[in-house]
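Presented below is the structure to which this report refers.
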Amino acid sequence: VWAAIDAKRPTAVEATGDPFNPDVTPVRLISHFDHPANSWRPEIRVSWFQGKAFPNMPTKWIDPDKLGHGALFKGTKGNIVADFTTRTLIPTANADLTYYKPRSADRLTPPVGDFQEQWINACKTDLKTSCDFDYSGTMVEQMMLGLVSYRVGRKIAYDGATGRVTDCPEANEFLRRKYRAGWTLDG
């Protein structure tokens, strides 16, 4: 999802979930990330649902329990439901998709293989994986911000350049860790 919308860091995050348990992350969690506009799209909101929490599905024909992991892209002319292997286009009732022409085989992105295969090939060659550290680091940062918002119980504003929450001082306490003596990380 983050690659498809060319997302960097969110400017605001809000999350709700199961009652707080200091030993585990919540099983059921809903997080919303507000991303600023970029050169090709307006501001956009990305939502994350986990633990049998689902968005309103665009059609009764899709059973969220059978999707497993996946993404729902909501557009003005329809929706796309995608998981690791399938993509389903669900046009709105008044959508005109007559302009749509599938790409020819030579214009399709070739399959990248499974994650382990990518990792091994990247170690052996100069291949860039589809989920490299730049991509996954930004994605994990966003997911952690969702947990910070959940912990403080409110929407937070985030400045990605400084790595600080700007409107909730107590949230910044969750952005760092105090290490035991002898176990610090420098960097």
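The values are calculated or read from the model by the stated rules, or taken from the named source; none is laboratory data. In this text the structure is predicted, and so the values were computed from the model without any measurement. With ideal geometry, Cβ positions are generated from the backbone for all residues, glycine too; neighbour counts draw on all protein chains shown. These accessible areas exclude ligands, DNA and RNA; they are computed on the full protein's heavy atoms, side chains included. Shrake-Rupley method; radii C 1.70, N 1.55, O 1.52, S 1.80 Å.
Some notes on this structure:
- Matching label, semi-axes √(5λ) of the Cα gyration tensor in Å computed from the structure shown, candidates (i) 34, 25, 13; (ii) 32, 23, 17; (iii) 27, 20, 16: (ii)
- On the basis of the beta-carbon distance and an R0 of 45 Å, T85 and A37 show a calculated FRET efficiency of 0.90.
- Once you reduce the stretch 108-187 and the stretch 24-51 to the center of their Cα atoms, the two points are 14 Å from each other.
- Computed FRET value (nearest 0.05) for Y179 with M139, which takes r as the C-beta separation and R₀ as 22 Å: 0.35
- For the chain, the solvent-accessible area with a 1.4 angstrom probe is 74 square angstrom per residue.
- Here K52 sits with roughly 140 square angstrom of accessible surface, probe radius 1.4 Å.
- On Cα atoms only, tilt of 115-124 relative to the major axis of the chain in degrees: 80 degrees
- Counting only heavy atoms of the protein chains and using a 1.4 Å probe, L127 has close to 80 Å² of accessible surface.
- Helix axis angle, 133-152 relative to the chain longest principal axis, alpha carbon, degrees: 60 degrees
- Gyration tensor (alpha-carbon) shape descriptor, the stretch 76-155, a/c threshold 1.5: oblate
- Nearest-0.05 FRET efficiency for F73 and T98, computed from C-beta distance (R0 22 Å): 0.60
- Members of K74/K101; K74/K155; K101/K124; K128/K178 lying beyond 31 Å, as alpha-carbon distances in this model show: K101/K124; K128/K178
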